[in-house]
């Protein structure tokens, strides 16, 4: 009933259904109505993690060692617990930088290094090879088992069948065809394969349902539920040990947990579906618990099926890896068996398609293109449309990858169990973990560190896991494992450097991680980052601090024309996509690219990101560099940028200082304004006072003049008395006007000074002579105390005399009414010539000692008996003395007279400021 | 109320807890020849802890993202590119 | 009867001229040279009119004027203020403090006499 043809036809029909789904979804996506933009499809697509390994291998593992198949699924759950730190960050970074693969991610992080991209690609291809072979083996084995129906026998490894008759080879070709159909129908700048994602999600559903169906059949069909099954198993001695965990496998349990924690991120296909194909970061929020839930559900029946198989086929004649298939066959459930086969096929094709697409992207973007672009004789950078070339490279690499997988299967696959093969791949993928995790959390990680760590880890992995698998299948002498290469015991691949007591996987993981992490950290600490590395490190580690998803190094300098960049984009993504992208770019920024000739750094970066989506970061950088005449900044330029930055900082400091100065100036201005207001008020007072001082004598003059005029009959005596008053008041008026003019001249600096070396004694004598009338009039006693020798001073003689006369008249004015005494003295002091005039009047209060030298100040103070005083004398005296470079002041004990004194320096030029 | 910093702290706490629960030596306590509700104790224990962990991830993922107040960037597709 | 006039000013010459003018009009004239003296003179004998200078030592014209108006018995004393400061504010201040009139120095003797007459002999005022 289940003939080879019916199985083949069913399989093909199933694959066609998958393709139809993918095709439909792609069409919908092209029309802008995405089907896969929901978290459930996203979570199901991540479930591509469950491959034939899960579907067949887990049961096989459980049948031999019990529950230790489980850590492989607990690890991813643990990683998803910390999704907030790890997955979210990786996705955010990848979106910002248009990362297309894990190789792209690592190369981009470490300065868009081509070398790293190549290294990661090689490790991935070599590392995943066993994993692909595992799928091929599972499909071909399951097919061959199913073919035997209704017999339940495991076909013996039939020696070496000719390649063309080998089911596995045919499976490989079919899968390659599908991968090409799904993944490389066109080159896509965003590198999303919506159709493929939808197909994968569908496959995840199919394999889950198929597995659950078998599980339910075994648990509730062959047995009466879990209790019955487990009780039966417990009662069977050779199976009972599967229900508990033996102490010996603790180490491996931990190893598997750690390994799968790394694998869920580091496996190229997981990176592809989880990161690259993620259309919306928000989907992660649901997927982080949906995916572990999927794992939990699919694992519920693993142990029951394994136990059922062990109990059904006690002799060990049936390969435990096929229990999922053989148990339904055993019970003649042919449709269930076929469904189980389709489920297994689903699991295998899903993995192979995604892995092939992910690897082919890496091979084309990070291995072949960079190399081709460097081969200048190909003149690739100058050629036109490269999309065809890109597609060709990808398709070829898909075929190559599957053939490599087949080759591994053909050479080795028959000898190992599925899980063992898969774990070899896991260990290879785990080598990426230090570079990735370090790369997103540790800015100091350098390219050299990553290269060293990866290389060493990969080498150790190959030596401790890959080569022994060759040895086990006879391609290397088995002594290589047992005695070490050339008999060197220390180098035994499973007991490297004498490390014993660990299973081979834990042993390999320990050594490879030791050298990987050690090399990465040590070299990172020892080597310096280049400018671009530093920039990328900051962009990756601080991705959440960047305001938007606009990543990319902004430090491109140099020039490129818009036309060049446009041509470049067209060549890699095709004309329509290029125009759409550029149109969107221009619209978003309100630019008219048609009018723009020179591209700015922003457009250069945009182009680079866009190309990175098609050909990877490293290649994109090379391509853009070929049209942008500038180059990536060197460390000198970064230093220059830093210098400019520090200049800006300096400048802002200067600005701050200026603003502080401005504030100070403002304060000064305000103060000055206050002073001006004060001066204005003083001027007002001054004018009012001047007015008063002028009006007072005028009043007398006018009054008496009018009296004389109106009273012609006045007697002679009275008339002459009145006339005398008029004359005196006129003199007073004249004096006042002269003083005001003098003061105004002096203040304005327009006074004419006639400077000369003069003898002060003569001046004092003359002043005393001039004032003698005034002294006599008031009956004031005069004492003169002049030093024998007085130095000559360089002054204006008349002005000096004016000062002394002013002081004398002032003293006479204020001295004691009845017993007036004025003392004039002169001597030489340190400051120069010292002259003082003292009276015995009421004295000056301390608070007024400065004020009295202001104009008219005395007018407001004590005007008692002030004959002939204008209030300007002291102000003028001060102006004169200060002009001569000296100072004038008053000393007084109130009630005991005042002593006005001034000094004039010797041999000192007049103060220039007032001299015109 | 959630603080954004708390999201990370809770995630790490849950991770450490789950890591301990999923691994020896804690595991060995439950590795006994006992049947509970018809299911071996170890099996029962692992799936219960697993389910609990998943439930906690789900709870934190929802409230965590909201608490962080951070809108993930809009999905591409309508942005710079009209379509893929 | 003879009107009595008190002349207050610190400038002796101005005082002299005012005294002469008032005497010439046959008023009963007394003089004071500062504010204190003026108030003493008023208490001594109430004058009909005071010519009061503003700028004076010890007690200025405003203060004297205020004191006069504060005393109910002196309400009808006529006060004419004299000032050499020409600002309007001084005039306002004087009037606000209860002065009857205000005259700025230097003044016309005829105007002054007319003003004094106006306040002392209103009935004979031609205007």
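Bear in mind these aren't lab numbers, they're just calculated from the coordinates by the rules spelled out. Keep in mind it's a predicted model, so treat the numbers as computed, not measured. Using ideal geometry, Cβ is built from the backbone for each residue, glycine included, and neighbour counts are taken over all protein chains shown.
Given points 7 Å out from each Cα along the Cα-Cβ axis, report the residue A:231 to residue B:48 separation in nanometres with one decimal.
It is 2.1 nm.
Given only helices, namely DSSP H runs of n ≥ 4 each adding -39500 (n - 2.57), what is the per-residue ellipticity at 222 nm of chain C, to the nearest 500 deg cm²/dmol?
Values: 5 runs with 54 residues, N = 127.
Only helices count here, giving -13000 deg cm²/dmol.
Roughly what angle does helix A:716-748 make with the longest principal axis of chain A, taking Cα atoms, 0 to 90 degrees, to the nearest 10?
Helix A:716-748 sits roughly 30 degrees off the main axis of chain A.
Checking the a/c ratio against 1.5 first, then a/b against b/c, what shape does the Cα gyration tensor give for the stretch C:3-127?
Here the stretch C:3-127 falls in the rounded category.
Where does each of A:508-518, A:710-720 land if you order them by average Cβ count within 10 Å, highest first?
Ranking, from highest mean packing down: A:508-518, A:710-720.
Set the Förster distance to 56 Å, then compute FRET efficiency between residue C:28 and residue A:663 from the Cβ-Cβ distance, nearest 0.05.
0.20
Quantify how strongly other chains surround peptide A:277-286 by giving the mean number of their Cβ atoms within 10 Å of each of its Cβ atoms. Each step should come with its number before you reach the end.
Details: counts 0, 1, 4, 6, 7, 6, 2, 3, 8, 3.
Rounded to a whole number, the mean comes out at 4.
Please give the contour-minus-distance gain from residue A:731 to residue A:371: 0.36 nm per residue of separation, less the Cα-Cα distance, rounded to one decimal in nm. Mind showing how you got there, number by number?
Details: separation 360, 0.36 × 360 = 129.60 nm, distance 11.29 nm.
Taking residue A:731 through residue A:371 to full extension adds about 118.3 nm, to one decimal.
Other chains' Cβ within 10 Å of C:9-21 residues: what's the mean?
Details: counts 2, 5, 7, 4, 14, 8, 1, 7, 11, 2, 0, 7, 5.
That works out to 6 on average.
Whole Å is fine, so just give me how far the alpha carbon centre of the stretch A:120-153 lies from that of the stretch C:36-60.
If we compute the Cα centre of each part, the gap is 132 Å.
Return the distance in nm (one decimal) between the two label points of a simple spin-label model at residue A:12 and residue A:388, each offset 7 Å from Cα along Cα→Cβ.
Taking the simple label geometry, residue A:12 and residue A:388 are separated by 3.1 nm.
Just checking the output field for B:37-46: average partner chain Cβ neighbours within 10 Å of each residue's Cβ?
On the way: counts 3, 8, 7, 11, 2, 7, 10, 2, 0, 7.
Across the residues of B:37-46, the mean count of other-chain Cβ atoms within 10 Å is 6.
Between residue A:238 and residue B:32, how high is the FRET efficiency from 1/(1 + (r/R0)^6) when r is the Cβ-Cβ distance and R₀ = 25 Å? Nearest 0.05.
0.80
Roughly what angle does helix A:226-235 make with the longest principal axis of chain A, taking Cα atoms, 0 to 90 degrees, to the nearest 10?
70 degrees
For chain C, calculate the relative contact order in percent as a whole number, restricting contacts to Cα pairs under 8 Å that are 6 or more residues apart.
It rounds to 21 percent for chain C.
Which percent of the Cα-Cα distances in chain A go past 46 Å?
Values: 213644 of 419070 pairs.
Here the long-distance tail beyond 46 Å is 51 percent of all Cα pairs in chain A.
Work out Dmax and Rg for the stretch A:4-417 from the C-alpha atoms and quote the Rg first, both in angstrom.
Expressed in Å, the Cα Rg and Dmax of the stretch A:4-417 come to 21.5, 75.
Using 1/(1 + (r/R0)^6) with R0 = 56 angstrom and r between the beta carbons of residue A:479 and residue B:9, what's the FRET efficiency to the nearest 0.05?
It comes out at approximately 0.55.
Please rank A:726, A:353, A:436, fewest neighbouring Cβ atoms within 10 Å first, as an exposure proxy.
Lowest to highest Cβ neighbour count: A:726, A:436, A:353.
Take residue C:2 and residue A:817, extend 7 Å from each Cα along the Cα→Cβ direction, and tell me the distance between the two endpoints in nm.
Placing both labels 7 Å beyond Cα along the Cβ direction yields 2.9 nm.
Counting other beta carbons within 10 Å of each Cβ, put A:461, A:5 in order, fewest first.
A:5, A:461
Helix-only mean residue ellipticity at 222 nm, chain A, DSSP H runs n ≥ 4 weighted -39,500 (n - 2.57), per residue, nearest 500. What is it?
-21000 deg cm²/dmol
Once both axes come from the Cα atoms, what is the angle between helix A:531-541 and the longest principal axis of chain A, in degrees from 0 to 90, rounded to 10?
The angle comes out at about 80 degrees.
What does a probe at residue A:851 reach in the stretch C:28-60, counting residues whose amide N is under 18 Å from the point 7 Å along Cα→Cβ?
Zone members listed by number: C:55-60.
Which order results if A:288, C:29 are arranged by neighbouring Cβ count within 10 Å, fewest first?
C:29, A:288
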